[in-house]
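Student: Below: one structure in structure tokens.
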Amino acid sequence: MEVKEQCSRNYPEQSELSIDRLSDLPDSVICHILSFLPTKFSVRTSILSQRWRFLWSYVPNLYFHLENQGIINRVMLLRRARTINAFHLDRGTEWSAYQLQTWITFAVMRGVQRLNLCLQDEETFPEHNLPVSLFTCKTLVDLRLRNCALIPASGAAVCLPRLKILHLVYVEFEADESLPHLLSGCPVLEEFEMALLCDMVCCGLSSPTIKRLTLDFIAEGFGEEGWTEEPQQVPRCLLLHLRIIKLEGIVGKSHEFEYIGYLLRNAKVLERMEISYSVSVGSEEKIDMLEKILRFKRGSTACEVNFVGSNCKW
């Protein structure tokens, strides 16, 4: 008798286990849950029951990873949601330039807010130009491009009034003025990340609203001998807005010290600079670098310099 009572306390009745609590949720809540899944998985829920058959088509987010053109086109045709919040295209190897432009234009016309485009591998630069409509999208808040060709030059219209996050990784530019022209059309940009730029002689960055700037590679114009020509005017974003700087992989070369000194000297509201050594730097070299950097003049009296990996804060 005691054994039976114990079992009944530990295991619920079969009827309780079989309750479908998920289907009791409102359609809007289920669509919100499905919006966190890759699109191919949310589509598969259509086989669960009659009620679930078309729920996936109302999901506002689209995530495609390695899907072929036919699948993506079919999803586009069958979806019933009027808007697209997030649109991700990741590493398709057989996507034509025409299809890419069509999909991106489709997303722009439906008020896309977050667009993430990643093409093939970083060793290749596909001949895919981005549609002009992407650079005049009034709803775009977050734009991330990887392995995309040809950001337009100054002759093309750029108007991204709501864009706050911009990541450019392994992209190509039509001309040296393409980047400044692009940034000039982003009046509320707060986060900008750029990595491994190609064929850029001049890398002009000026955006007074930027709060977070990440540069993984700096092209020609600042090399082993330092700047070919130091900027005549300090960018306003550096002078009046930049609060946190992180530098990684420092090895102790003269041009690195020149760059660090320039940042410390001109960042008037800087709160923290984090410096991370390269793994190749020895203990004595780290101490020499630390002492040299700490002698630099600081434009901000509140600035704290942290040496990551050495537990030193100054």
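Every number in this text was worked out from the coordinates using simple rules, so none of it is lab data. Bear in mind the structure is a predicted one, so any value in this text is a computation, not a measurement. A quick note on method: Cβ atoms are made from the backbone with ideal geometry, for glycine too, and the neighbour counts reach across all protein chains shown.
Student: Give me the net charge for the shell around ILE71: Cβ to Cβ below 15 angstrom, other residues only, Lys and Arg +1, Asp and Glu -1.
Tutor: +2
Student: State which entries of LYS164/LYS268; LYS40/LYS211; LYS253/LYS297; LYS211/LYS297 exceed 28 angstrom in Cα-Cα distance in the structure shown.
Tutor: LYS40/LYS211
Student: Among 275-281, 264-270, 82-88, what's the highest-first ranking by average C-beta atoms within 10 angstrom per residue?
Tutor: So the peptides 275-281, 264-270, 82-88, ranked by packing, come out 264-270, 82-88, 275-281.
Student: Then there is this: Take the eigenvalues of the Cα gyration tensor for the stretch 14-113, scale each by 5, and report the square roots as semi-axes in whole Å, largest first.
Tutor: Three semi-axes, in Å: 29, 14, 11.
Student: Highest first, please rank the peptides 50-61, 282-293 by the mean number of other Cβ atoms sitting within 10 Å of their residues.
Tutor: Most protected by this proxy first, the peptides run 50-61, 282-293.
Student: So for the pair THR209, ILE47, with labels modelled 7 Å out along Cα→Cβ, what separation do we get in nm?
Tutor: Distance between label points: 4.6 nm.
Student: Any idea how far apart ASN306 and SER133 come out in nm if each label point goes 7 Å out from Cα toward Cβ?
Tutor: In this crude label model, ASN306 to SER133 measures out at 4.4 nm.
Student: Another question about this same structure. Restricting to Cα pairs below 8 Å that are 6+ residues apart, what does the relative contact order work out to for the stretch 227-314? Please round to a whole percent.
Tutor: 32 percent
Student: As an exercise, find the ratio Rg/Rh for the stretch 227-314 from alpha-carbon atoms, using the Kirkwood inverse-distance average for Rh.
Tutor: Here Rg/Rh amounts to 0.96.
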